[in-house]
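Read through the structure below, which is laid out as structure tokens, and then see the notes.
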Amino acid sequence: IRFHVQYVTRDEEGASISTTELRGLTGQLRARHLATRDAYERKFRDLLKGGIAAGAFAPVDVPVVTAGVLGIGLSVGRWYRPGGRLTPDDIADEYIRFVLKGLDPRLPAPPIADRSRPVKSRRTRAAG
């Protein structure tokens, strides 16, 4: 989490390309960003799976939690300003506390989502 926040606050090229922006890329540039994103997400998923297997993290839906953690980290790139109230390390500390409390296997878990419901497309949900 700390690396993720520090990475997006360094303003590296492509550090916080959103899904919408990614759709606009074509050819080799798109392929390169997709491969980098996929490898990065795999590393996060592997960390979560390892923590769950070791009993350090509560059992969670790994793809969903990965998307959530990466999403909150990427959002920092939209609002962070150097010289602001918090440093990247301060922000990372807050996110680490937030995420690790949610993954604490000693805390009671909320009920598991009902995955038997049919999935509606985004367009259907927005219209309905």
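Things worth noting here:
- Going through (1) open to solvent by 90 Å² or more (accessible area, probe 1.4 Å); (2) over 18 Å from Lys101 (Cα atoms); (3) at pLDDT 80 or above one by one, Val64 falls short only on (2).
- Taking the range 1-37 as the range and being open to solvent by 70 Å² or more (accessible area, probe 1.4 Å), assigned to a helix (DSSP H, G or I), more than 16 Å from Thr66 (Cα to Cα) and modelled with pLDDT of 75 or more as the test, the residues that pass are Gln28, Leu29, Arg30, Arg32.
The values are calculated or read from the model by the stated rules, or taken from the named source; none is laboratory data. Predicted model only: the values in this text are computed from it and were never measured. SASA here: full protein model, heavy atoms, side chains in, ligands and nucleic acids out. Shrake-Rupley method; radii C 1.70, N 1.55, O 1.52, S 1.80 Å.
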